[in-house]
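Down below is the structure, laid out as structure tokens.
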Amino acid sequence: MSRIAFIGLGNMGGPMAANLLKAGHVLRVFDLAPAAVAAAVAAGASAASSAIEAVADAEVVISMLPASRHVEGLYLGDAGLLAKIPAGALVIDCSTIAPASARKVAEAAAARGLAMIDAPVSGGTAGAAAGTLTFIVGGSAETLERAHPVLSAMGKNIFHMGDAGAGQVAKLCNNMALGVIMAVTGEAIALGVAHGLDARALSRMMAVSTSRSWATEVCNPWPGVLENAPASRGYGGGFGNDLMLKDLGLAAEAAMGVGASIPLGELARNLYAMNSRQGNGGLDFSSVVKLVAKDA
């Protein structure tokens, strides 16, 4: 079992850390939210007063942070974490950030003799809690092999997409598709309801037909269709609208960098921006259905 420093105990990081503890790993954790640290300590972790203290004797360092600026701020510079991590340690960043940022941090890690992978996740908070996440990895095959036992304690699928930053590119492709699919699924159900159809009956049909998707089967955007979906909890929890908006913005930046055309991705970004401006930024991203069904 490994000595792991885990930094970032939010909606995703907290359950991921808990599954590492269940697998027998020794964790020292840090987060800016005292309640998140307390929950990890209650599960068996030890608390650090700073990120630097957390990594003092770590064999593995895992971070799960909101955005590129947080990851670069944590790791880079003379006072950054890369300068404090013990030689030979493995660094795993599970945040979803810009591919360029992931490559920048990985290059800085390599310059200090540290092995690092970018390993953003898919599967949402339910997957994090159940230990069934999908890890989408960028970095060397050798480093991924080292990371495999740790990742396996938190997820059931691991995909190696290429060199540093490739995991982030693949994650943005996935989330762009998800954002588009969720928006159009909400529109389709809203159209059916406007014609008098029962949302549950319509969703059951769609879930076994050609429009089936994660949005119809796991995170249905219509209230009352799936008991455990955020839509049935006032759109609380889940994957926030503003996080989807951030990822779609990153996808747009990535597209611009290579001259790719993503018309539906850009449209979806605008829809989630509109939803945010209506005060729904902190709700689950399935709340985008509110744009076409105000009573949803």
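The values are calculated or read from the model by the stated rules, or taken from the named source; none is laboratory data. Bear in mind that the values here come from a model prediction, so they are computed numbers and not experimental data. Positions of Cβ are backbone-derived with ideal geometry, glycine not excepted, and every protein chain shown enters the neighbour counts. Note: areas computed on protein heavy atoms with side chains; ligands, DNA, RNA excluded. Shrake-Rupley method; radii C 1.70, N 1.55, O 1.52, S 1.80 Å.
Excluding same-chain neighbours fewer than eight residues apart, the aspartates and glutamates reachable from Lys294 by a Cα-Cα span under 15 Å are Glu187. Distance between the pseudo-spin-label points of His195 and Ala111 (7 Å out from Cα toward the beta carbon): 6.0 nm.
Under a model in which nothing but the beta-carbon of Lys, Arg (+1) and Asp, Glu (-1) is charged, the chain shows a dipole of about 360 debye around its Cα centre.
For the listed peptides 1-14, 24-37, a ranking on the average number of other beta carbons within 10 Å per residue, highest first, reads 1-14, 24-37. Principal-axis analysis of the Cα atoms of the chain puts helix 241-258 at an angle of about 70° to the longest axis.
Round to a whole number: what % of the accessible area of the chain belongs to carbon and sulfur, probe 1.4 Å?
Values: 7570 of 13000 Å².
Roughly 58 percent, rounded to a whole number.
With 10 Å bins beginning at zero, the pair-distance distribution over Cα atoms of the stretch 112-170 amounts to 26, 53, 19, 1 %. Entry note, the chain: the mean residue ellipticity at 222 nm calculated from DSSP H runs of n ≥ 4, each adding -39500 (n - 2.57), is -14000 deg cm²/dmol after division by the residues and rounding to the nearest 500.
Candidates Ala177, Ala229, Met256 compared by Cα position along the dipole of the chain: farthest toward the positive end lies Ala229, with charges placed on Cβ. Only aspartates and glutamates eight or more places from Lys84 in sequence, or on another chain, were considered; those with a Cα closer than 18 Å are Asp31, Glu53, Asp57, Glu59, Glu72, Asp93, Glu107.
What's the ranking of 205-218, 161-174 by average number of surrounding C-beta atoms within 10 Å, highest first?
On the way: 205-218: 15.7, 161-174: 21.9.
Top of the packing list down: 161-174, 205-218.
Counting only protein heavy atoms and a 1.4 Å probe, the chain has 44 square angstrom of accessible area per residue.
With N residues in the stretch 54-191, what two-decimal value do you get for its Cα radius of gyration over 2.2 N^0.38 Å?
On the way: Rg = 15.9 Å, N = 138, 2.2 N^0.38 = 14.3 Å.
So the Cα radius of gyration is 1.11 times the expected 2.2 N^0.38 Å.
3J(HN,Hα) couplings calculated from phi for the stretch 118-127 with the Karplus curve 6.51 cos²θ - 1.76 cosθ + 1.60 (θ = phi - 60°) are, in sequence order, 8, 9, x, 10, 10, x, x, 5, 5, x Hz; Gly and Pro show x.
Relative to the longest principal axis of the Cα atoms of the chain, helix 141-152 runs at roughly 70 degrees.
Database remark: amide H of Val91 closer than 5 angstrom to the amide H of Val61, Ala115, Met116, Ile117 (H placed geometrically; neighbours at sequence offset of 5 or more, or on other chains; Pro and chain starts carry no H). Taking Cα atoms of the chain, Rg/Rh with Kirkwood Rh, to two decimals? Rg divided by Rh gives 0.99. Each residue of the stretch 242-296 gets 62 Å³ once the volume of the Cα convex hull is shared out per residue.
Across the stretch 9-57, the fraction of Cα-Cα pairs farther apart than 18 Å, rounded to a whole number, is 18%. Once the chain from Ala42 to Asn228 is taken as fully extended at 0.36 nm per residue, the excess over their C-alpha distance is 64.4 nm.
Translational diffusion of the stretch 129-222, estimated by Stokes-Einstein from the Kirkwood radius over alpha carbon pairs at 25 °C in a medium of 0.890 mPa s, is 159 µm² per second. Karplus-based coupling profile of the stretch 105-116, in residue order and whole Hz: 5, 4, 5, 5, 5, 4, 5, 9, x, 9, 7, 9, with θ = phi - 60° in 6.51 cos²θ - 1.76 cosθ + 1.60 and x standing for Gly or Pro. Toward the positive end of the charge dipole of the stretch 47-95, with +1 on the Cβ of Lys and Arg and -1 on the Cβ of Asp and Glu, the farthest Cα among Leu90, Ala67, Ala56 is that of Ala67. In terms of Cα to Cα distance under 23 Å, which lysines are near enough to Lys22, apart from those fewer than 8 places away along the same chain? Partners found: Lys156.
3J(HN,Hα) along the stretch 190-197, derived from phi through the Karplus expression 6.51 cos²θ - 1.76 cosθ + 1.60 where θ = phi - 60°, amounts to 4, 5, x, 4, 4, 8, x, 6 Hz, with x in place of Gly and Pro.
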